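Quick notes on the structure that follows.
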Amino acid sequence: MKVTIFQTDVHWANPDENVRNVEQLLGKNTGSDLYVLPEMWATGFATTPQEIAETDDSIALKWMKQTASDFSCAVSGSLLIQTNDGKYRNRQYFITPSDVYYYDKHHLFTYGHEDRFITPGNDHVIVSWKGVRFLLLTCYDLRFPLWARYGRAGEYDAIIVVANWPESRQQAWRVLTRARAIENQCYLIGANRVGDDEFCHYCGESVVCDTKGDTLAEGGRNQQTAITVDLDFEVITYVRERFKVLNNRDL
């Protein structure tokens, strides 16, 4: 499966500009089966969503749906959404040409007051696409291994993490992405942003790593870019059958 991560510089509270930005990256990187965007890629990471939250007919969500349809691919990334019941969600979408799936971020970033106005989700979400099972996680979720644990969360072949992970905690991003892949014997696809907002600088280092924690592709530091990698998911089956670590896991 061919996977592309868009490591974008997110323009604050400007979905139109962010969509145009991603469209330009897509135009230079066609042909992938799956495209992954950062957390809140259309607005930037906002903990006071009242004036910038989108709805389920937002330009960003429409773009994701249209792109999946036009290019026969899947598109994943999170948006700041106000739902029909008036609640705000940090909602990670996984959109295929025929279906729309979503995961509402479970571990809200209380240190940054994300919990003040945004409602957490309580359900694991695993999406199947072209025979591959993806567990969806969002940013802060990466710090909580039990939430991602293979078998407890469900059975999957890869983890997708979308993030606004600041440079001040970059070492944690490097370690935890690899740890989740190693302990669950899966691929991990991590999309992080670059650039600045009012509070943080983001240096990217989006990554795809394998069951050993080895880096298969990386976005580098402080540059908007697209990284593409071909993943062989038969390797996951082979590793799990040959080295049966998961049989000894604690649930």
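Details
- Pick from the range 23-62, criterion buried (at least 19 other Cβ atoms within 10 Å of the Cβ), among the aliphatic types (A, V, I, L, M) and touching a Gly at 6+ places or on another chain (Cβ under 9 Å), ranking: nearest to D115 (Cα to Cα): M40
- Note on the range 63-82: residues that are of a type in the set (V, I, T) and either surrounded by fewer than 19 Cβ atoms within 10 Å (Cβ to Cβ) or at pLDDT below 95 (or both) amount to 0.
- Any hit, the range 53-70, residues being in contact (Cβ under 8 Å) with a residue 12 or more places away in the chain, under 24 Å from Y140 (Cβ atoms) and touching a Lys or Arg at 6+ places or on another chain (Cβ under 7 Å): no
- Listed by position, the strands (runs of 3 or more DSSP E) enclosed by the range 139-251 that each have at least 1 residues that are open to solvent by 80 Å² or more (accessible area, probe 1.4 Å) are 194-196, 215-218, 225-230.
Let's see how each residue does on (1) of a type outside the set (S, T, N, Q); (2) modelled with pLDDT under 95; (3) more than 19 Å from the chain's Cα centre (by Cα):
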| site | (1), (2), (3) |
| --- | --- |
| I182 | yes, no, no |
| E198 | yes, yes, yes |
| R221 | yes, no, no |
| E234 | yes, no, yes |
| E241 | yes, no, yes |
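- Residues of the range 83-92 that turn out to be touching a Gly at 6+ places or on another chain (Cβ under 9 Å) and open to solvent by 10 Å² or more (accessible area, probe 1.4 Å), as a count: 2
- Subset of the range 126-138 (residues that are open to solvent by 50 Å² or more (accessible area, probe 1.4 Å) and outside any loop (DSSP other than H, G, I, E, B)): I126, S128, R133
- Of the residues making up the range 99-125, those that are under 16 Å from the mean Cα position of the chain (by Cα) and crowded, with 17+ Cβ neighbours inside 10 Å are Y101, Y102, Y103, D104, K105, H106, H107, L108, F109, G121, H124, V125.
The values are calculated or read from the model by the stated rules, or taken from the named source; none is laboratory data. The shown structure was predicted, so the numbers you read here are calculated from the model rather than taken from an experiment. So basically every Cβ, Gly included, is an ideal-geometry build from the backbone, and we count neighbours across all protein chains shown. Surface areas here come from the heavy atoms of the whole protein model, side chains and all, with no ligands, DNA or RNA. Shrake-Rupley method; radii C 1.70, N 1.55, O 1.52, S 1.80 Å.
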